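Engineer: Below is one structure. I have some questions about it.
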Amino acid sequence: MNIAQNSFEKCIKCTICTVYCPVAKANPNYPGPKECGPDGARLRIKSLDYYDQALKLCTNCKRCETACPSNVNVGDIIAVARGKFEKKVINPKLMRDFILSQTDLFGTLSTPFAPIVNKITDSQIIKTVMHKTIGIDKHKALPKYSLGTFRNWFKKNAPDQEQYPRQVSYFHGCYVNYNDPDLGKDLLKVLNAMNIGLKLLNKEKCCGVPLIANGFHDKARKNARFNVKNMTEAVEKFNTPILSTSSTCSFTLKQEYPHVLDVDNSQVVDKIEYITSFLLREFMNGNAPKLKEINKTIVYHTPCHLERSGLAIFTIELLRAIPGLKVIVLESECCGLAGTYGFKKENYDVSMKIGKHLFETIKNSDADYAITDCETCKWQIEENTHLKTIHPINLLAQGLTV
Ligand code: SF4
Ligand code: SF4
């Protein structure tokens, strides 16, 4: 039995989770985490007829879990119920959910033809067709693909990495592999400047978070088992830490595998680490790269899953270690995109309502960049504020003196 299935017993019915839930605030049709989570779980044990379609409105942001004083896995309870009880009805929305969650498949097909695919998905006619047929909202720009993958680029650089005295393994995730190889390249530069070499896992698949969010739990479980196997092999062979530059990938590999998918990751969980926590520890132990002054102002946005992991402080302190940089830490709130959620026609208005305060704060900030650890927060902020939004690693790479 996974953790989510029995944690409802700890609920003391304080309703704090509902106060902190961004969807409950923005959408009066959503009953909120307490009702959909622990209250609903008690009823669903009696009969599946109590399953409520409103659970689909949850973004899986986990802010309810961060707020809960009783440590109830509220978001996990909802995610597990959706995977278990939601009936997959064959309709255009199912095709849309499939497209949005098959990141490896569409990444592999699209990267060789990236300029053409990007042009097609950017066309207003195509956006309107997707809006009317499968329900991807016409206001949204689909993520751009890179021409060629990070893994292919890395093959040429792998031998150099062996020369460093210490190595780390890197779970690059779909975003770095298919959309933004430059983030992986910047990580390599930063680590090399610290005399650390980079390794990739023998193989990896999507961490599974879009599959979980869209109710494809069997496929997510297959990916989880595959990734745990490959991470275990890396640990057994090299005993390296396994780093991730995506706050959501690292959260999923560490917490969602056992909590939501019932996949045992105990043999590797202590080795998986979000990049900024690893780097800050290195900096504090005297292994910081030489950095020049970056005389810029940045606003920092904390992604929901980093907040839930309790790791935002590591990113903030790492940014504060960059000489000359003025760091403004924004109030921690959801950007509203929540992975694939905000791309869906039926969620678009709620998504924008959730993100409105964040967008206005950023627009009024006069910052040179927004910084965030999550790729989907980056898309949402750039689309709605037009401020260039980058990862902390991109900024560190800018500051390197060599
Ligand atoms: S915050 Fe936790 S304890 Fe309070 S109602 Fe929500 S789940 Fe229950
Ligand atoms: S995971 Fe997020 S959207 Fe879902 S119930 Fe919790 S706070 Fe609300």
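The values are calculated or read from the model by the stated rules, or taken from the named source; none is laboratory data. All figures in this text were calculated on a predicted structure; none of them were measured in a lab. Cβ: placed from backbone, ideal geometry, glycine included. Neighbour counts: every protein chain shown. We work out accessible area using only protein heavy atoms, side chains counted, and drop any ligands, DNA or RNA first. Shrake-Rupley method; radii C 1.70, N 1.55, O 1.52, S 1.80 Å.
Engineer: Looking at (1) away from ligand 2 (no atom under 13 Å from the Cβ); (2) part of a helix (DSSP H, G or I), which is the one condition that is false for residue 41?
Structural biologist: Only one criterion is unmet by residue 41, namely (1).
Engineer: While we're on this one: For the stretch 125-151, enumerate the residues that are aliphatic (A, V, I, L, M) and free of Cβ contacts under 8 Å to residues at least 40 places away in the same chain.
Structural biologist: 125, 126, 129, 130, 147
Engineer: Does any residue in the stretch 58-86 that is farther than 21 Å from residue 346 by Cα and more than 15 Å from ligand 1 (Cβ to nearest atom) come within less than 9 Å, Cβ to Cβ, of a residue that is among the acidic types (Asp, Glu) and open to solvent by less than 10 Å² (accessible area, probe 1.4 Å) six or more places away or on a different chain, and which pairs are these?
Structural biologist: none
Engineer: Moving on. Among the candidates 211, 187, single out the residue that is touching a residue at least 24 places away in the same chain (Cβ under 8 Å), under 23 Å from residue 90 (Cα atoms) and surrounded by 22 or more Cβ atoms within 10 Å (Cβ to Cβ). If you could, list the steps in order and put the result at the bottom.
Structural biologist: Details: 187 fails: under 23 Å from residue 90 (Cα atoms).
Answer to the check: 211.
Engineer: Could you say which residue among 28, 115 is open to solvent by 10 Å² or more (accessible area, probe 1.4 Å) and more than 16 Å from ligand 2 (Cβ to nearest atom)? Give the derivation first.
Structural biologist: Working: 28 fails: more than 16 Å from ligand 2 (Cβ to nearest atom).
Residue meeting the stated conditions: 115.
Engineer: If you go through the stretch 32-53 one residue at a time, how many are more than 8 Å from ligand 1 (Cβ to nearest atom) and open to solvent by less than 40 Å² (accessible area, probe 1.4 Å)? Let's see the steps before the verdict.
Structural biologist: So the first thing to find is which residues in the stretch 32-53 are more than 8 Å from ligand 1 (Cβ to nearest atom), and the list is 32, 35-36, 39-53.
Narrowing the set further to residues that are open to solvent by less than 40 Å² (accessible area, probe 1.4 Å) leaves 32, 36, 39-41, 44, 47, 51.
Of the residues in that region, 8 qualify.
Engineer: What residue, of 330, 318, 337, 291, is open to solvent by less than 30 Å² (accessible area, probe 1.4 Å) and either at pLDDT below 95 or in contact with a strand residue (DSSP E or B) (Cβ under 8 Å, 6 or more places away or on another chain) (or both)? Even if it seems obvious, please write down each step before you answer.
Structural biologist: Details: 318 fails: either at pLDDT below 95 or in contact with a strand residue (DSSP E or B) (Cβ under 8 Å, 6 or more places away or on another chain) (or both); 337 fails: either at pLDDT below 95 or in contact with a strand residue (DSSP E or B) (Cβ under 8 Å, 6 or more places away or on another chain) (or both); 291 fails: open to solvent by less than 30 Å² (accessible area, probe 1.4 Å).
Exactly one residue qualifies, and that residue is 330.
Engineer: Within the stretch 369-402, can you find the residues that are of a type in the set (Val, Ile, Thr), within 15 Å of residue 182 (Cβ to Cβ) and open to solvent by 10 Å² or more (accessible area, probe 1.4 Å)? Before the answer, list the steps.
Structural biologist: If we filter the stretch 369-402 for residues that are of a type in the set (Val, Ile, Thr), which is where we start, we get 371-372, 376, 381, 385, 389-390, 393, 401-402.
Checking the rest, the ones that are also within 15 Å of residue 182 (Cβ to Cβ) come to 389-390, 393.
Hit for the stretch 369-402 is 390, nothing else.
Engineer: Moving on to the next point. Just need a number here: residues in the stretch 320-341 that are within 20 Å of residue 274 (Cα to Cα) and either in contact with a Phe, Trp or Tyr (Cβ under 6 Å, 6 or more places away or on another chain) or assigned to a strand (DSSP E or B) (or both).
Structural biologist: 2
Engineer: So for the stretch 264-280 (the condition being open to solvent by less than 10 Å² (accessible area, probe 1.4 Å) and over 28 Å from residue 166 (Cα atoms)), does at least one residue qualify?
Structural biologist: Looking through the stretch 264-280, none of the residues is open to solvent by less than 10 Å² (accessible area, probe 1.4 Å) and over 28 Å from residue 166 (Cα atoms).
Engineer: Test residue 313 against the criterion of being of a type outside the set (S, T, N, Q), part of a helix (DSSP H, G or I) and surrounded by fewer than 16 Cβ atoms within 10 Å (Cβ to Cβ), and give yes or no. Steps first, please.
Structural biologist: Working: of a type outside the set (S, T, N, Q): yes; part of a helix (DSSP H, G or I): yes; surrounded by fewer than 16 Cβ atoms within 10 Å (Cβ to Cβ): yes.
Criteria met by residue 313.
Engineer: Would it be correct to say that residue 23 is assigned to a helix (DSSP H, G or I), under 22 Å from the mean Cα position of the chain (by Cα) and within 14 Å of ligand 2 (Cβ to nearest atom)? Quick ask: steps written out before the conclusion?
Structural biologist: Values: assigned to a helix (DSSP H, G or I): yes; under 22 Å from the mean Cα position of the chain (by Cα): yes; within 14 Å of ligand 2 (Cβ to nearest atom): yes.
Here the answer is yes, as residue 23 does meet what is asked.
Engineer: While we're here: I need the full set of residues from the stretch 129-150 which are open to solvent by less than 50 Å² (accessible area, probe 1.4 Å) and within 21 Å of residue 383 (Cα to Cα), in order please.
Structural biologist: Our first condition is that a residue be open to solvent by less than 50 Å² (accessible area, probe 1.4 Å); within the stretch 129-150, this holds for 130-131, 134-137, 140-143, 146, 148-150.
Result: 130, 131, 135, 136, 137, 140, 141, 142, 143, 146.
Engineer: Within the stretch 147-194, how many residues turn out to be of a type in the set (Gly, Ala, Ser) and under 26 Å from residue 220 (Cβ atoms)? Reasoning before the result, please.
Structural biologist: The initial filter retains those residues of the stretch 147-194 that are of a type in the set (Gly, Ala, Ser), namely 148, 158, 169, 173, 184, 193.
Right, trim to under 26 Å from residue 220 (Cβ atoms) and you get 169, 173, 184.
Summing the residues that are of a type in the set (Gly, Ala, Ser) and under 26 Å from residue 220 (Cβ atoms) in the stretch 147-194 gives 3.
Engineer: In the stretch 178-230, which residues are over 30 Å from residue 59 (Cα atoms) and assigned to a helix (DSSP H, G or I)?
Structural biologist: Across the stretch 178-230, the qualifying residues are 185, 186, 188, 189, 190, 191, 192, 193.
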